[in-house]
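The values are calculated or read from the model by the stated rules, or taken from the named source; none is laboratory data. In this text, all values refer to a predicted model and were calculated from it rather than measured experimentally. Every residue, glycine as well, gets a Cβ built from its backbone with ideal geometry; the counts of neighbours run over all protein chains shown. In case anyone asks, the SASA skips ligands and DNA or RNA and just uses the protein heavy atoms, side chains included. Shrake-Rupley method; radii C 1.70, N 1.55, O 1.52, S 1.80 Å.
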Amino acid sequence: MPAFNSTTNTSALRGSNQSGLRAHNERLVLSLIRLHRQLHKADMVRLSGLSMQTISIIVNQLTAEELLIKGPPQRGRIGQPSAPYSLNPEGALALGLKVGRRSVDLYLIDFNGRVLKALHKTYPYPTVQLIRDFTSAGIAEILGGIEPRLANRIAGLGIGAPYEIWMWHEEMGAPMEELDLWRTVDLRSEIAALCTWPVYYSNDITAACAAELMFGVGGDFIDYLYIFIGSFIGGGLVLNGHLFPGRTQNAGALGSMPAYPSTQRGPQLVNVASIYVLERKLIAAGRDASMLWQSPDDWGDDLGSALDEWIGEVAQSLAYSIVAAVAVIDVDTVIVDGAFPVAVRRRIIEQTRVSLSRVSQEGLSPFRLVEGTIGNAARAMGGASLPLLASFTQDWEVFFKENRQSASKIAPAQ
């Protein structure tokens, strides 16, 4: 399955033209305003290369559709006072469904990425029926809590879920026969049957990368490697300001990289730098590990030596993988985030910097290690970003080509 798939009901997209796709120049203007937060028409002309007449027509149309907001005129610029334009937060909404190994989330976000509603449920392992029931009830709850005018502005529902979830029954402690049911499930079709919007599908970490690009610090960088540490670690790649899916939509599959140099067959990064490893350490120490999934933003004050040991192992293995990745793709930025408290993220960043200082980087250009900004919410927000990417940004040209073939089951694992 391609990195992103949608239903063919593109005519349901709000403000779309007759072909179901918003015009290229409109997407360009919306993308520029999202990147710069607000722009005057003269700035749009300079950045886009379009004429003032074309920009005026586009901006007037987008303002009439309530996708843009015109601010008060600003003095101090050359010529007559001009008004900046910014995205209207209520201009478009989107739903994001994150299906994880230990929990599921359903978010409603606005055009600027603000979370309007968040639903969360934990479980020992995911089943198709559980996900279907949670999503159906969640959609009803969300629609019942917002004004009809806002409900009419929902651009679609995006799903962020792991590829080949059935492969990880041992790591998840789940019955093989239960997870095997996912082999024949088309999750996108299952969810599309529950709603009338276009439905999109992506690997969960690719979705998280999209969220950081659209709503986080990712917009400040042109090229970067994105790393997200969840139940399992994964990654994404942004090149020239756009998500890069790779030949098989599996670019940035850091979990499959060797964890550290070894003369013998060593573990992969996923077997060292993933939260399920910390869970096993806590259980082995006689500790309750449920808070890892129930309260990702607050694990409490003291997880003991298990957390210290895990962070050290994550940092050491991550350092080798980062250097190996940078040697191949030559990015100048690496962003690290995860489904854990901010304090844990900062400790991982700090210790990874120390570990990087011990790894030879001869012949490589310098790169920076940056903290992500979204945390546990990244995968669900990333799912919700997919309809916005498809409807209102230039990334349609990269990910949502109509000639990409749909598939009936989830594609190769990350």
inquiry  = If Trp197 meets every condition in (1) closer than 25 Å to Ser317 by Cβ; (2) touching a strand residue (DSSP E or B) at 6+ places or on another chain (Cβ under 9 Å); (3) hydrophobic (A, V, I, L, M, F, W, C) apart from one, which number is that one?
reply    = (1)
ask   = How about segment 218-247: which of its residues are of a type in the set (A, V, I, L, M, F, W, C) and open to solvent by 30 Å² or more (accessible area, probe 1.4 Å)?
value = Phe221, Ile222, Leu239, Phe244
inquiry  = Against the conditions (1) open to solvent by less than 70 Å² (accessible area, probe 1.4 Å); (2) at pLDDT 90 or above, where does Pro267 fall short? Just the number, please.
reply    = (2)
ask   = If you go through segment 299-318 one residue at a time, how many are free of Cβ contacts under 8 Å to residues at least 40 places away in the same chain and either within 21 Å of the chain's Cα centre (by Cα) or assigned to a helix (DSSP H, G or I) (or both)?
value = 8
query = Taking segment 92-113, which residues are under 15 Å from the mean Cα position of the chain (by Cα), assigned to a strand (DSSP E or B) and either within 17 Å of Arg188 (Cβ to Cβ) or of a type outside the set (A, V, I, L, M) (or both)?
reply = Ala94, Leu95, Gly96, Leu97, Lys98, Val99, Val104, Asp105, Leu106, Tyr107
message = Just the residues that are more than 28 Å from Leu213 (Cα to Cα) and either among the basic types (Lys, Arg) or part of a strand (DSSP E or B) (or both), please, taken from segment 114-140.
response = Arg132
note = If we keep only residues of segment 349-376 that are closer than 30 Å to Leu157 by Cβ and touching a Lys or Arg at 6+ places or on another chain (Cβ under 9 Å), then the residue surrounded by the most Cβ atoms within 10 Å (Cβ to Cβ) is Gly372
message = Taking the criterion of being open to solvent by less than 20 Å² (accessible area, probe 1.4 Å) and touching a Phe, Trp or Tyr at 6+ places or on another chain (Cβ under 9 Å), would at least one residue in segment 75-83 satisfy it?
response = no
message = Quick check on segment 273-291. Is at least one of its residues open to solvent by 20 Å² or more (accessible area, probe 1.4 Å), of a type in the set (S, T, N, Q), within 25 Å of the chain's Cα centre (by Cα) and more than 26 Å from Val326 (Cβ to Cβ)?
response = yes
ask   = For Gly304, which of the numbered conditions (1) touching a Lys or Arg at 6+ places or on another chain (Cβ under 9 Å); (2) loosely packed, with under 15 Cβ neighbours inside 10 Å; (3) modelled with pLDDT of 90 or more fails to hold?
value = (3)
inquiry  = For segment 391-414, give me the residue count where each residue is closer than 14 Å to Thr206 by Cβ, modelled with pLDDT of 50 or more and surrounded by 24 or more Cβ atoms within 10 Å (Cβ to Cβ).
reply    = 1
query = For segment 350-397, which residues satisfy the criterion of being of a type in the set (Gly, Ala, Ser) and farther than 21 Å from Ile322 by Cα?
reply = Ala377, Ala380, Gly382, Gly383, Ala384, Ser385, Ala390, Ser391
key: Residue tally, condition part of a helix (DSSP H, G or I), of a type in the set (A, V, I, L, M) and either open to solvent by 70 Å² or more (accessible area, probe 1.4 Å) or under 14 Å from Tyr226 (Cβ atoms) (or both), over segment 319-348   = 5
message = Could you list, ordered by first residue, the pairs with Cβ atoms under 7 Å in which the first is in segment 213-230 and under 21 Å from Val115 (Cβ atoms) and the second is open to solvent by 30 Å² or more (accessible area, probe 1.4 Å) and outside any helix (DSSP H, G or I), at least 6 apart or interchain?
response = Phe215/Ile374; Gly216/Thr373; Gly216/Ile374; Val217/Thr373
request  = Test Ala251 against the criterion of being within 22 Å of Glu212 (Cα to Cα), assigned to a loop (DSSP other than H, G, I, E, B) and open to solvent by less than 70 Å² (accessible area, probe 1.4 Å), and give yes or no.
outcome  = yes
note = Of the residues in segment 121-165 that are modelled with pLDDT under 95 and among the aromatic types (Phe, Trp, Tyr), the one that is least open to solvent (accessible area, probe 1.4 Å) is Tyr163
